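The values are calculated or read from the model by the stated rules, or taken from the named source; none is laboratory data. The shown structure was predicted, so the numbers you read here are calculated from the model rather than taken from an experiment. Here the Cβ positions follow ideal geometry from the backbone for every residue, glycine too, while neighbour counts run over all protein chains shown. Surface accessibility is based on the protein's heavy atoms, side chains included, excluding ligands, DNA and RNA. Shrake-Rupley method; radii C 1.70, N 1.55, O 1.52, S 1.80 Å.
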Amino acid sequence: MSVLDEITRLQNEAIERIGKSDSLDSLQEIQNVYLGRKGLITSILKSLKDLPNDQRKEVGASANKARVAVSNLLNEKKESLSGGGERSAFDPTLPGTQPQTGVVHIITQVIEDICNTFHGMGFEIARGPNVETDYYNFEALNFPPDHPARDMQDTMFVEHDRLLRTHTTPVQSRFLETHKPPIKIITPGICFRNEAISTRSHVAFHQVDGFVVDEGVTMADMKGAILAFCKAFFSDDVKLKFRPSYFPFTEPSAEVDISCFLCEGKGCRVCKYAGWLEILGCGMIDPNVLEKAGIDSEKYSGYAFGMGVERPAMLKYKINDIRLFFNNDNRFLRQFR
Amino acid sequence: MKISYKWLIELTGLDWNPEDLGDRLTLCGTACEYIDPADQYMHGVIVGEILAINKIEGADKIRLATVNLGDRQLDVVCGAPNIEVGLKVPVATLGAKLDGGIVIKKAKIRGIDSEAMICSERELGLSDEHAGILVLDSSATPGQELAELLDYKDDFMMTFELTPNRPDSMSAVGIARDMAALASVKVNKPTFELTESEEKASDYIKVTIEDEVACPRYAARIIKNVKIAESPYWLKKKLVLAGVRPISNVVDITNFVMLELGQPLHAFDYDRFGSKEVVVRMGKEKEPFKSLDGADHELTSEVIMITNGKTGVAAGGVMGGFDSEVEDGTTNILLEAAYFNASMIRKSRRQLGFVTESSQRFEKGADPNIIEYAIDYAASLLQSLCGGEVLAGIVDCYPSVIEPLKIKFRPKRCNDIIGTELTSDKMKQIFEDLEFTVTGDTDFEVTVPTFRPDIEREIDLIEEISRIIGFDNIPSSNTNIGSLYTPIHYEDKFKKEMRTVLTGVGFDEFISHGLADSKLANLLHTDRPQLKIANPISEDLDIMRNCLMQTAMTVIHHNVSHRSLDLSIFEIGKTYLPPDDKDYWAEDESLVLAVTGNTQHTWRDKPRPRDFYDITGAMKAMATHFGWGDFSFEAKQFSFFEKEISFEISLNNKVCGLIGKMNSKVSKKFGVKQDVFIAELNLAYLLSLSNKLIAYQPLPIYPAALRDLAMIVKEEVQANELLQQVKKSAGKYAESVEIFDLYQGKQIEKGKKSIAISISYRSKESSLESAIVDASQQKVVADLVKKFNVEIRDK
Ligand SMILES: [Zn+2]
């Protein structure tokens, strides 16, 4: 058989094998067999120099034609197997032109979440000044005159005996004075304490207080409302623990723990292996507080509760430094889109 | 408050395990914080008997003791001076973990293998004593566990966090009382025998109270011939597990009775008291007093003083004096049990500058009527443990007896407040378990013992019922209180929408607490007063801010110094400015917008510096959203802005803010070296323009006719002037007028600019004929030429 016949045979054989091939791997093998460094068609091309001059040109042209034909067919088949079909110059993978958008501060988001949840339960938002009087911040809330919180050690004062409110509860004192029951209010806002700034404590923090006053309001109502909130805000299967505590403006008073949502109560580093997280303080509004605001404490009763905003946010998002909230580092803020 | 677990179990006879006890007390208001094994530093520590002591060559301080550990002998290197052959001592063996982080490991000391240590009290967590090793009772058996010998095994140190309203919980009996009430059992209070001698105490001491408000009761006993020594282990252990350092039997007894009953006591050395009379009075200004810790004080009239009629011997209820302190050689004791006014003790100890176990109890409120029992109990212990002779009688000065309070209590009211259906009998039972007495059936009269000064009103009694039944046993109700409709205040909705618009156009929200640095405030609105903090936590947070630009600059500084150079930020927050009415500093809300750095760089958009128009653009987005109309900008010089770019902002002809490019010198003082554009707007005014109902406009029926107009004009002619003129000239059919091109450069003469305006004409009644439009257009051109000398360009 002449070399030319051999070339034709190899080309046909390759074309047939390509036609039957159904995987990229087998195509690669075919490529190696015919066109690889030691491939059958490649060998013929390499051996041209050994041929007599008169054959060299014809065989060379024929072998080259075969190489191109097999190569093209291989590429076509490869493309069809890799699903590519026809490829155009349009590149959909260039990044879309995303207009730059900003982010609402995480504290605003958490406050909004809390307020929305309470709004769904029928609570209305009320606000008050950050610079307060001793009366609304302490006296109206039944703090005894020598209570340590009234000290310069704990509270920051400004001129004319005003102070920076230490909780948002003075909004309650003000609201009770000017409204008649039924009352159902939440009061989000910032508060201040005379405390050094560290990873765990800050001179300023946010709080959401709430209170309800009407005829026949009971501790059972308070428990129901707080349970409903915690289910909505944390998770539906949250468990609560009410521990008796002391606040000057409520009696009885309680501290509320929720089952740790990070370990589902099994105990972890965040809950100090207790399975519980302290989240909220609450209690029945002390009759003195109602009377001071001119509300008949025999006829009406009420409950109040208060919670920090930074603390649950830190727990929920695993933030380990409270200072991040007021630093406003946009590498931090933009994590909470 | 720390107390031994076994002590509480002894007092109640209950079999609760420590965790159980902690949980139950926590749920009734005495929060248990920690439960630490009493023998936590005694694991691997056993009794050893010293068999021999040998010198170590080349060492003069340390010696080698051979100890018998029962089943083996061991050589132990020891540096203590008080080791002697035959002594029984605690030996910490391999692996023992002692107080202060000491772990016993194999080591070589002076070439000698060492794998044990003879311990001092400090290493065992028993006291601060570490001058010598702890010498154990001679009856101890070598090899015995130390924890077992000292009865620390299976005991725990319970740490409670008490609420400020519960002084009664500051004692073992007080805590046991809550346990007993939970289980409905009685507390086994300590019983004792006391034999008095013939001699009368009143022959030895007289008590006078000069200030009955400060000190309503003062009682004294005389105990003669005591022998000062170490306390027995059982007593020391109770102190140690309560976190109180044992000192000597007499002092330990006073502390022990205080820990058990809550009544602070003080023992004076009678022979060094200085007289035969106790006079209780207020201190005199600048009166000198040396307290038993050796510190010299200058008194004020706010310190309650115990005196011998001449000089002060103790700061009443706070701390004893140096000169009459019980010493090793003391033989005769004047024992004090008194009751002081709570708030006066608080003042006293503030003046003196320290808090003691005693002052803590008095300032929360002690029990004036436990004094006899407490002083007799202490006297009996001084008799049985120190060999003292107790003289007959208590010298008790109690001019006006403090009676227990009687409070009216309505069981129905109680159920109404806590939301339960408890029976009257159940409530009565709870009160009796708390040692209150109850009379009456439908309504009760409850007599509250004086050890519960926190209970003054019916609501306080309701709280007692609720905490003893346990909050977990109060049902959870789903009743809706209030109306079905809950308003959302427009102010809240407005701010929320504003945030949505601003984040939508690429601005990040930041928030501030409002505390600011007066030095930086002085760089901005120098004319605005500053609300100063009287007791700032630091110099750079000494005022409440009087504008939001200051905090915006601080935030920019923080970000820029962390290499976030490209920022568009806003805050909605309060400023603190002088009041309109005199009652309050006005807390008006503002909106601040600030940009700096470059716009984002993508494959399609090349970055450019963020500038003035990025802010006015965001303002326009808000104006569109809220329907405010157009802002206008009047040049006005603000010292903190660059001269060229410094404006007052108006809306509907009312000034409502300012905008400009921050003066680079001011920026630098904030630590910012790049250009900052900033605007601050009055939020209340924007809010007042916003809550408008939108009235629907019918959609146009007839087509609009569009005309463009390009012109060359002097560069100082402002865009808004041209637009206003065009609107005026184009007549009633002009529907909108917009700028669509601005050019300055090569083809345009210097000092001039090319502006292109598009005008849309439309009629509601018909299709506009081109003649009408052309006429309007001609008037526009004529007016512009006349007014601004524009040169109309051909298309
Ligand atoms: Zn956990």
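Accessible surface computed residue by residue for chain B, with neighbouring protein chains in place and a 1.4 Å probe, gives 47 Å² per residue. For chain A, the longest principal axis of the alpha carbon atoms and the long axis of helix A:24-35 meet at an angle near 30°.
The GluC sites (Glu not before Pro) of the range B:735-795 that meet both conditions, a loop assignment by DSSP and at most 12 other Cβ atoms within 10 Å of the site Cβ, are B:Glu749, B:Glu765, B:Glu769. Counted over all Cα-Cα pairs of chain A, pairs farther apart than 27 Å make up 62 percent.
When the trypsin sites (Lys or Arg not before Pro) in the range A:1-60 are filtered for DSSP coil states and for at most 13 other beta-carbon atoms within 10 Å of their beta-carbon, the remaining sites are A:Arg37, A:Lys38. With the charge dipole of the range B:490-689 set up from +1 on Lys and Arg Cβ and -1 on Asp and Glu Cβ about the Cα centre, the Cα lying farthest toward the positive end among the listed residues B:Val676, B:Ser650, B:Leu686 is that of B:Val676. Our summary gives chain A a relative contact order of 15 percent, counting only alpha carbon pairs under 8 angstrom and 6 or more residues apart. The distance from the alpha carbon centre of the range B:347-413 to that of the range A:264-317 is 35 Å, rounded to a whole number. Note on the range B:29-171: Cα-only Rg and Dmax are 17.9, 63 Å. Given in Å, the Rg to one decimal and the Dmax to the nearest whole number for the Cα atoms of the range A:3-81 are 12.9, 42. Positive end of the dipole of the range A:3-81 (Cβ unit charges, origin at the Cα centre): among A:Leu51, A:Gln11, A:Leu81, the Cα lying farthest that way belongs to A:Leu51. Across the range B:405-469, C-alpha contacts under 8 Å between residues 6 or more apart give a mean separation that, scaled by the residue count, equals a relative contact order of 43 percent.
Ellipsoid fit via the Cα gyration tensor, the range B:318-414: semi-axes of 31, 21, 12 Å, each the root of five times an eigenvalue, largest first. When its C-alpha radius of gyration is set against 2.2 N^0.38 Å (N residues), the protein assembly as shown gives a value of 1.35.
Enclosing the Cα atoms of the range B:705-792 in their convex hull gives a volume equal to 80 cubic angstrom per residue. The Cα center of the range B:3-46 and the Cα center of the range A:96-144 differ in position by 42 Å. Angle of helix A:3-20 to the longest C-alpha principal axis of chain A, folded into 0 to 90 degrees and rounded to 10: 30°. With the convex hull of its Cα atoms as the shape, the range B:405-469 has an orientation-averaged projected area of 3.7 nm².
If only the Cβ of Lys and Arg carry +1 and only the Cβ of Asp and Glu carry -1, the dipole of chain B around its Cα centre is close to 4580 debye. Under a model in which nothing but the beta-carbon of Lys, Arg (+1) and Asp, Glu (-1) is charged, the range B:1-52 shows a dipole of about 140 debye around its Cα centre. Among the GluC sites (Glu not before Pro) in the range B:331-428, those located in a DSSP loop and surrounded by at most 12 other Cβ atoms within 10 Å of their own Cβ are B:Glu421. On the basis of the beta-carbon distance and an R0 of 60 Å, B:Glu161 and A:Glu112 show a calculated FRET efficiency of 0.95. For chain B, the Kirkwood estimate of the hydrodynamic radius, built from every pair of different alpha carbons, is 35.2 Å. Computed from backbone phi, the HN-Hα couplings of the range B:384-396 come to 7, 9, 10, x, x, 10, 8, 6, 5, x, 9, 8, 10 Hz, rounded to whole numbers (Karplus: 6.51 cos²θ - 1.76 cosθ + 1.60, θ = phi - 60°; Gly and Pro given as x). Secondary-structure-derived ellipticity at 222 nm for the protein assembly as shown, considering helices only, amounts to -9000 deg cm²/dmol, per-run term -39500 (n - 2.57) for DSSP H runs with n ≥ 4. With θ taken as phi - 60° and the Karplus curve 6.51 cos²θ - 1.76 cosθ + 1.60 applied, the whole-hertz 3J(HN,Hα) list for the range B:341-348 is 5, 4, 6, 6, 5, 4, 5, 3 Hz, x standing for glycine and proline. Taking the Cα centre of the range A:79-217 as origin and assigning +1 to Lys and Arg Cβ atoms and -1 to Asp and Glu Cβ atoms, the resulting dipole is close to 60 debye. Whole-Hz Karplus values for the range A:277-287 come out as 10, 7, 10, 6, x, 7, x, 7, 4, 4, x Hz, taken residue by residue from phi with 6.51 cos²θ - 1.76 cosθ + 1.60 and θ = phi - 60°; glycine and proline positions read x.
In the range B:705-792, taking the dipole from charged Cβ atoms about the Cα centre, the farthest positive-side position among B:Leu768, B:Tyr733, B:Ala705 is held by B:Tyr733. Averaged over the residues of A:99-111, the number of partner chain Cβ atoms lying within 10 Å of the residue Cβ comes to 5. Isolated cysteines of chain A, defined as having no other cysteine beta carbon under 4.7 Å away, are A:Cys115, A:Cys191, A:Cys230, A:Cys282.
Remark: relative contact order (chain B) = 8 percent; criterion is Cα-Cα distance under 8 angstrom and separation of 6 or more residues. Relative to the longest principal axis of the C-alpha atoms of chain B, give the angle of the C-alpha long axis of helix B:490-504, reported between 0 and 90° and rounded to the nearest 10°. Roughly 70 degrees between the two axes. Normalising the Debye intensity of the range B:609-704 to I(0), with uniform scatterers on Cα atoms only, and taking log10 at q = 0.20 Å⁻¹ returns -0.99. With Cα atoms defining each centre, the range A:182-202 and the range B:565-628 are spaced 26 Å apart in the structure.
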